[in-house]
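A short worksheet on the structure shown next.
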Amino acid sequence: MFSDPVRRIATLALLLAACTGQERAATGGPAFSHTVIDDFGDTSRFARPAQRVVSLNPVTTELLFALGVGDRAVGRTTWDLFPEAAKAVPDLGPGMGPNVEAVMGQRPDLVLLYASESNRAAVQQLRAAGIATLTHRTDKVADLQRVLPVIAAALGVDSLGRLVADSVRASVEAVRAMPRPAEPVRAFWHIWDAPIMTIGGGSYMSELLEIAGAVNVFADAEQPSPAVSLEEIARRNPDVILAGPNNARKLRANPLWQAVPAVRAGRILVIDTTVVGRPGVRMGEAARFLRRALVDSFANIGSGLP
């Protein structure tokens with residue numbers, strides 16, 4: 001199910017789409033024509049709104065449904081499981097280095113991809129076959145505001161793009177505007193175990209912690225996901241450890257992690273990364289989730305953690 005803000009966006013999108021369609025039908029409307037440039041520097045020209053879309057990025061898959069055009073999706077990645085309706089879209093495998101034949105088999109007129117070098121060969125093959133592609137980085141909070149209008153234009157839903165962008169921005173800023181704790185909770189975000197990897201300052205999830213009123217103890221690392229040592233984690237002494245369900249079990253069971261005071265004290269918060277791990281239309285929901293899990297749960301940090 002959609003969260004309430006996203007459900008409202010989708011409902012408004014469908015209403016606005018209906019009104020826009022009626023208006024164009026009544027007046028004849030101007031001819032559709034859009035030229036857009038993506039993060040690979042590729043130019044795509046659309047003489048009509050894209051109707052069959054393969055989305056190989058969970059962020060853009062969620063975006064299609066928020067824009068009220070989820071029915072145009074004809075392919076997704078294995079990881080695109082939100083909203084529930086996305087699960088009915090054909091699963092084409094991983095989004096990085098995709099199976100180009102499988103993608104082309106869905107007869108798309110637009111393919112949305114993440115701007116990774118591992119996708120460049122696929123983009124070249126698709127474009128050589130006459131299929132439009134839009135390839136974007138979606139790593140930071142600001143990226144959605146930058147990418148959303150481009151994709152909305154290709155889909156012929158420019159007004160809906162502005163509506164969704166404004167709604168997401170407002171939901172994020174509402175959390176940022178909440179009272180800041182006198183002593184922010186200092187968090188370590190565990191994402192991989194061999195080697196140990198965390199969220200660095202180059203990641204959207206580090207931004208999300210700051211928006212929620214917490215602090216990432218590795219925010220000074222420029223990389224999105226730097227490798228770090230257990231000794232350095234213990235030295236930085238985070239108040240709490242964030243981890244997914246599987247990683248949380250590993251941390252609790254591994255005696256080496258007892259060197260970190262937060263682990264010894266059992267201060268490991270299990271985080272739903274499907275909510276907080278993507279800088280998409282649910283960013284406001286993700287920020288509120290972290291606010292409740294961290295700031296509200298540790299409101300008395302000044303007098304000692306629970």
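The values are calculated or read from the model by the stated rules, or taken from the named source; none is laboratory data. Predicted, not measured: the structure shown is a model, and the values here were computed from it. For neighbour counting, all protein chains shown are included, and Cβ atoms are generated from backbone atoms with ideal geometry for every residue, glycine included.
Does the range 47-62 include one or more residues that are at pLDDT below 90 and either assigned to a loop (DSSP other than H, G, I, E, B) or not aliphatic (A, V, I, L, M) (or both)?
no
Any idea which of (1) touching a Ser or Thr at 6+ places or on another chain (Cβ under 9 Å); (2) surrounded by fewer than 19 Cβ atoms within 10 Å (Cβ to Cβ) is the one Gly284 doesn't satisfy?
The failed condition is (2).
Are any of the residues in the range 200-217 over 26 Å from Gln145 (Cβ atoms) and free of Cβ contacts under 8 Å to residues at least 60 places away in the same chain?
Checking the range 200-217: at least one residue is over 26 Å from Gln145 (Cβ atoms) and free of Cβ contacts under 8 Å to residues at least 60 places away in the same chain.
Please state which one of Val74, Val36 is under 23 Å from Gly156 (Cβ atoms), assigned by TED's automatic domain parsing to the domain that holds Arg162, at pLDDT 95 or above and not in a helix (DSSP H, G or I).
Val74
Given the options Pro184, Pro149, Pro108, name the one that is touching a helix residue (DSSP H, G or I) at 6+ places or on another chain (Cβ under 8 Å) and assigned to a loop (DSSP other than H, G, I, E, B).
Checking each option against the conditions leaves just Pro184.
So which of Leu134, Leu160 ends up being over 19 Å from Arg282 (Cβ atoms), in contact (Cβ under 8 Å) with a residue 12 or more places away in the chain and either not in a helix (DSSP H, G or I) or not assigned by TED's automatic domain parsing to the domain that holds Ile199 (or both)?
On inspection, the qualifying residue turns out to be Leu134.
Identify the residue in the range 264-277 that is more than 12 Å from His190 (Cα to Cα) and not basic (Lys, Arg) and, among all such residues, is modelled with the lowest pLDDT.
Thr274
Exactly one condition in (1) within 26 Å of Ser171 (Cβ to Cβ); (2) touching a strand residue (DSSP E or B) at 6+ places or on another chain (Cβ under 7 Å) is false for Leu230; which is it?
So Leu230 meets the others, but not (1).
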